[in-house]
Amino acid sequence: MNAADQAVSEIPNDRTLDSIYDQLLEEDLKNHLTDYLNKRITKRQAVDRIFRTADRFNEEYAPLYKTLVQDLDLGYPLLFQYNLLSIGIVNYPEIDTVFYKSDTARSRIFGEHFEPGLSRQTHLSRTYDTNQIIEKRADSIFTNTYDFEIRMEQRIQVPNSEILVLRRMWVLIVGSVVVFLFVIGLLYYSIKNLITQKNIAEVKTDFINNVTHELKTPLATLGIATKSLRNPVIRADREAFDKTLSIVERQHLRLQKLIDQVLTKSLKAEELSLHKEQVSDNDFFKNLLADFETATQHASLEIDNQIYPQEVLLRIDRFHLTTALFNILENAVKYGKDQVKILVKSYMHQGQYLIEIKDQGIGISLKDQKAIFDKFYRAQTGNVHTVKGLGLGLYFTHQIITAHGGTISLTSLKGEGTTFIITLPIS
Ligand code: ADP
């Protein structure tokens with residue numbers, strides 16, 4: 001709008017327009033005012049006549065104004081109005097207002113009609129002039145003069161200027177929104193990264209603490225055992241010597257297993273080389289559950305075997321899949337309550353082989369469920385040592401199932417138990 005103001009500010013000074021305005025003033029307005037002062041017509045009639053003449057002049061004025069606006073090459077349409085604000089007789093014999101602009105009555109001299117709402121005043125003029133008046137007083141004729149003042153304004157309106165402004169600003173607005181979103185995104189990404197890094201650091205510290213703890217006991221036992229072996233009394237006693245030696249062997253084995261666990265269970269799915277073979281599901285689960293029961297030696301372990309009764313041939317790496325399922329079963333015992341009840345169920349669903357392992361243990365919180373398959377992740381930070389572990393079991397299980405082209409997920413309720421659901425493709 002400001003640009004439009006400036007552009008049209010010079011138009012009222014155009015000579016032709018000025019002369020039309022002068023004609024209106026000279027030829028008509030003065031005559032009507034004199035008639036009014038001579039009481040030949042009323043104020044209202046005088047004003048009506050002025051507007052009527054203005055309409056005649058407008059036929060020339062408006063097109064010319066439009067041409068001048070067009071010459072400015074603004075690039076958008078512009079409407080204009082020349083309005084009469086007031087006409088006042090200044091001193092005949094006193095001040096008399098002939099016309100004063102109101103909201104209801106007409107005030108437009110030139111230009112086109114538009115509501116004043118979104119228009120702007122671009123020019124304000126105040127003209128003083130003097131006119132002669134012939135008076136009749138007691139049969140004599142006098143010539144007198146009177147002064148009058150005319151106030152006019154020029155208004156312009158750019159139709160739909162808000163849309164015009166928006167159109168000009170949209171690049172700026174869109175740009176700002178994009179930059180804003182980018183900054184927010186960057187901030188979100190940085191904070192998320194920071195939290196991830198912090199979590200990784202915590203998980204690593206936990207892992208190191210766990211490994212150190214796991215190493216400490218066998219190392220201490222080895223230390224005591226080797227000291228004992230140097231003791232001549234033990235050396236002399238063959239039975240005691242053999243017993244101590246077997247302690248050394250057992251601790252060595254324990255250390256070896258621990259290191260193997262860290263090495264092998266850290267493998268990624270693509271690093272695993274599977275030796276797949278055709279295996280009957282019934283056979284596989286029968287052996288798996290029997291081995292598990294033997295290995296666990298838990299006083300009150302109850303396994304509810306609901307394996308798919310019909311034989312299904314699976315193409316699996318028997319050794320690795322056993323490890324994967326063992327990890328889940330072992331966890332059911334490790335994170336179970338005094339009575340361990342495990343349901344092992346399998347069935348066919350949408351051309352896939354599904355395995356469900358359900359326990360009634362301590363359950364896993366929703367937050368922990370998200371990270372449970374991450375390397376080194378253990379839910380019980382804080383009292384990590386109540387149950388031994390390196391946070392590698394479920395990571396490795398996940399890698400093995402993925403390497404088989406399957407999926408693993410879980411549902412769990414804290415305090416109620418956990419169900420792991422594994423899908424395996426059928427060969
Ligand atoms: P680890 O047992 O060596 O800590 P895992 O990868 O096997 O590592 O398990 C990761 C974590 O998941 C465990 O520390 C435990 O907190 C939680 N978890 C796994 N299985 C269960 C389960 N059946 N019930 C409750 N918590 C479990």
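Using a probe of 1.4 angstrom and keeping all protein chains present, the accessible surface of the chain works out to 60 square angstrom per residue. Measuring how big region 146-256 is from its alpha-carbon positions, Rg and Dmax come out at 42.0, 148 Å. Among the DSSP helices (H) of the chain, those spanning at least 27 angstrom by Cα along their long axis with an average Kyte-Doolittle hydropathy of -1.0 or more are 43-72, 161-230, 238-265; this is a geometric and hydropathy rule only. Evaluate the Kirkwood expression for the hydrodynamic radius of region 38-176, namely the inverse of the mean inverse distance over all pairs of different C-alpha atoms, and round to one decimal in Å. About 18.1 Å, per the Kirkwood formula over Cα pairs.
Express in % the proportion of alpha carbon pairs of region 300-427 at distances exceeding 19 Å.
Across region 300-427, Cα pairs with separations above 19 Å total 48 percent.
Look at where the Cα atoms of region 35-75 and of region 133-189 average out, and the two centres are 21 Å apart. Go ahead and set up a Gaussian network model of the chain, Cα springs under 10 Å, then flag whichever of TYR377, TYR21, TYR335 fluctuates most. Among TYR377, TYR21, TYR335, the largest mean-square fluctuation in the Gaussian network model of the chain belongs to TYR21.
Ranked from largest to smallest solvent-accessible area, with a 1.4 Å probe on the protein heavy atoms, PHE110, PHE326, PHE241 come out as PHE241, PHE326, PHE110.
Treat region 77-117 as a sphere of radius equal to its Kirkwood radius over Cα pairs and apply Stokes-Einstein at 10 °C in a medium of 1.306 mPa s; give the translational diffusion coefficient in µm²/s, rounded to a whole number. Please list the in-between numbers first.
Working: Rh = 11.8 Å.
In µm²/s, the coefficient is 134.
Accessible surface of the chain, 1.4 Å probe: 55 percent of it comes from carbon and sulfur atoms.
Note on region 125-259: dipole from Cβ charges, positive end direction compared against ILE200, LEU245, ILE173; the farthest Cα belongs to LEU245.
Percentage of Cα-Cα pair distances in region 137-211 greater than 21 Å, rounded to whole percent?
On the way: 1984 of 2775 pairs.
Summing the P(r) tail past 21 Å for region 137-211 gives 71 percent.
For the chain, build the charge dipole from Cβ charges (+1 Lys, Arg; -1 Asp, Glu) around the Cα centre, then report which of PHE99, LEU258, LEU329 sits farthest towards its positive end. It is LEU258, whose Cα lies furthest towards the positive end.
Which value results when the Cα radius of gyration for the chain is divided by 2.2 N^0.38 Å?
Details: Rg = 50.1 Å, N = 427, 2.2 N^0.38 = 22.0 Å.
Normalised Cα radius of gyration, the chain: 2.28.
The ellipsoid that matches the Cα gyration tensor of region 1-68 has semi-axes, each √(5λ) in whole angstrom, of 30, 12, 10, with the longest given first. Counting alpha carbon pairs within less than 8 Å and at least 6 residues apart, what relative contact order, in whole percent, applies to region 178-264? Taking the mean separation of contacting Cα pairs over the length of region 178-264, I get 26 percent.
Calculated on the Cα set of region 286-339, radius of gyration then Dmax: 12.4, 36 Å.
Stokes-Einstein diffusion of region 49-104 at 37 °C, 0.692 mPa s viscosity, Kirkwood radius from Cα pairs, rounded to a whole number: 234 µm²/s.
What does the charge dipole of the chain about its Cα centre add up to, to the nearest 20 debye, if the Cβ of each Lys and Arg holds +1 and the Cβ of each Asp and Glu holds -1?
Working: 50 positive and 53 negative charges, 453 e Å.
Magnitude of the dipole: close to 2180 debye.
The GNM of the chain, with springs linking C-alpha atoms under 10 angstrom apart, assigns the highest mean-square fluctuation among ASN210, ASN327, ASN13 to ASN13. Taken about its Cα centre, region 278-427 carries a charge dipole of roughly 500 debye when the Cβ of each Lys and Arg holds +1 and the Cβ of each Asp and Glu holds -1.
The values are calculated or read from the model by the stated rules, or taken from the named source; none is laboratory data. In this text, all values refer to a predicted model and were calculated from it rather than measured experimentally. No Cβ is skipped: glycine too gets one built from the backbone with ideal geometry, and neighbour counts run over all protein chains shown. Keep in mind that these areas ignore ligands, DNA and RNA; they rest on the heavy atoms of the full protein, side chains included. Shrake-Rupley method; radii C 1.70, N 1.55, O 1.52, S 1.80 Å.
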